[in-house]
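**Q** Structure below; questions to follow.
The values are calculated or read from the model by the stated rules, or taken from the named source; none is laboratory data. Values in this document were obtained by computation on a predicted structure and should not be read as measured data. Positions of Cβ are generated from backbone atoms using ideal geometry, with glycine treated the same way; all protein chains shown enter the neighbour counts. Only protein heavy atoms, including side chains, enter the accessible area calculation; ligands, DNA and RNA are left aside. Shrake-Rupley method; radii C 1.70, N 1.55, O 1.52, S 1.80 Å.
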Amino acid sequence: MAPSVPRTRAAAALRMKQIALDNQDRTIRRLRAQLATEIRRLAATKKELEETRVASHKVIAGLTEIGLSMSKKVERMKVKKHQVRANHVECHQKFQARIHEAEDSMQAQHLLIEALVDEKDSLLQTIRGLQGANNAPAPFDGDWEEEPEEEPEEEEIEDIPLGEGEIDDE
C-alpha cells in the first residue's frame with residue numbers, strides 16, 4: 001500500500017489544484033463579464049451624458065438667442081419710449097408757449113381796454129367840463145334818458161318842369 005498512498009496524495013493534490021484553477025477560471029470569467037457589463041453601462045452613461053451636454057448646449061444657444069432678441073426688443077422699446085417722451089415734452093412746451101401767448105395777448109388786450117376806459121373817462125370829464133363852461137345840460141349823467149328818435153319827415157321834391165326855373169351860373 002505504500003506505493004499507492006503517495007500516488008493518491010499526489011493525485012488528490014493535483015485534483016485540488018485543478019479545482020482551485022477551475023474556481024479561479026470561473027471567478028475570472030465572472031469578473032470579466034461584470035467588467036464588460038460595467039464597461040457597457042459606462043459607455044451608455046457616457047453617451048447619455050454627451051447627449052445631455054449637446055441638448056444643454058442647444059438649450060443654452062436657444063435661450064441666448066431669445067435673450068438677444070428680447071434685448072433688441074427692449075432696446076427698441078427704450079428708444080420708442082424716449083421718442084414718445086421727447087414728443088410729449090415738445091408738445092407740452094408748444095402747448096405752454098401757446099398758453100403764454102394767449103395769456104400775453106389777453107394781458108395786452110386787458111391793458112388796452114383799461115387804457116380805452118381811462119381815455120373814455122378823460123373824454124367824459126372834458127365834455128362835462130366844456131358843458132359846465134357853456135352851461136349846457138350833461139347828456140352823460142347817470143339819470144340821463146334817451147329820447148325816442150323821431151323819424152325825419154321826408155321832404156318832397158317839387159317837380160320842376162323843364163325849361164322853367166332859373167339856372168345861376170355865377
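**Q** Test K80 against the stated conditions and say whether it is in a helix (DSSP H, G or I), of a type outside the set (S, T, N, Q) and open to solvent by 100 Å² or more (accessible area, probe 1.4 Å). Talk me through it step by step, then tell me what you get.
**A** Working: in a helix (DSSP H, G or I): yes; of a type outside the set (S, T, N, Q): yes; open to solvent by 100 Å² or more (accessible area, probe 1.4 Å): yes.
So K80 fits the description; yes.
**Q** Also, quick follow-up: Using beta carbons and a limit of 7 Å, which pairs, at least six apart or on different chains, have the first residue in the range 13-34 and touching a residue at least 40 places away in the same chain (Cβ under 8 Å) and the second one exposed (fewer than 10 other Cβ atoms within 10 Å of the Cβ) and assigned to a helix (DSSP H, G or I)?
**A** No pair meets every condition.
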